[in-house]
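Below is one structure; the comments refer to it alone.
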Amino acid sequence: MIFGTKAWLDAVVVALNRQPGLAAAVAGLASDAAVIVERDAGFPRTATAYGRMVGGRVEARLLPDEDEVLELEPGYVVRAPYRLWKDLLLGRLDPVKAATSGRVKVQGDLEALVRRVQHRVVIDAALREVATAFPDEEGSR
């Protein structure tokens, strides 16, 4: 599935909701978040996803415009250019270092996220379940 599409997001949500450690991973954090993938080379449009926990499960959707994030006021907003998201997903960039160095912009309680880094395995496991193609790679369109 191609990164940044509704199908890809839906598959990630299904994989997250299958993770037995999901409730522990998000306990004590804000119940909602937005992720903004900024356009850059290889990704010609900005993509924005909004997700929240409802009844112990993740619900998420793509937003038609990143300005909707202002209206939703999520507990976290994580923003980075496409190439950084790609590096994060491919394991070429450590998410904690990326956030604490400012390469990935985080609005919300970054300290709480860093304290929960041991739960990153939940997200990593879900992402491994989803075959991800990147729009800028030959043959992935």
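Each value in this text was obtained by applying a stated rule to the coordinates, not by laboratory testing. The structure presented is a predicted model; accordingly, all values stated were derived computationally and were not measured. FYI the Cβ positions are ideal-geometry reconstructions off the backbone, even for glycines, and counts take in every protein chain you see.
Provide the FRET efficiency to the nearest 0.05 for the S31-V96 pair, computing r from the beta carbons and using R0 = 22 Å. Can you show the working numbers first?
Values: r = 22 Å, r/R0 = 0.99.
Step by step, r from the Cβ atoms, then E = 0.50.
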Residues D136 and A112, FRET efficiency given R0 of 35 Å [Cβ-Cβ distance, rounded to 0.05]: 0.60
Between (i) 15.4; (ii) 17.2; (iii) 15.8, which entry matches Kirkwood radius over Cα pairs in Å as derived from the coordinates of this structure? (i)
Using a Gaussian network model of the chain whose springs link C-alpha atoms within less than 10 Å, name the residue from Q107, Q19, Q118 with the highest mean-square fluctuation. Q118
How many percent of DSSP beta bridges within the stretch 6-129 run antiparallel, rounded to 5? 75
Spin-label pair R120/R39, simplified geometry with 7 Å Cα→Cβ offset, distance in nm: 3.1
In a Gaussian network model of the chain with springs linking alpha carbons closer than 10 Å, the residue among A126, A27, A80 that fluctuates most is A27
The chain: most fluctuating residue of A34, A24, A15 per GNM, C-alpha cutoff 10 Å: A24
If you find the alpha carbon centre of the stretch 2-26 and of the stretch 93-129, how far apart are they in angstrom? 15
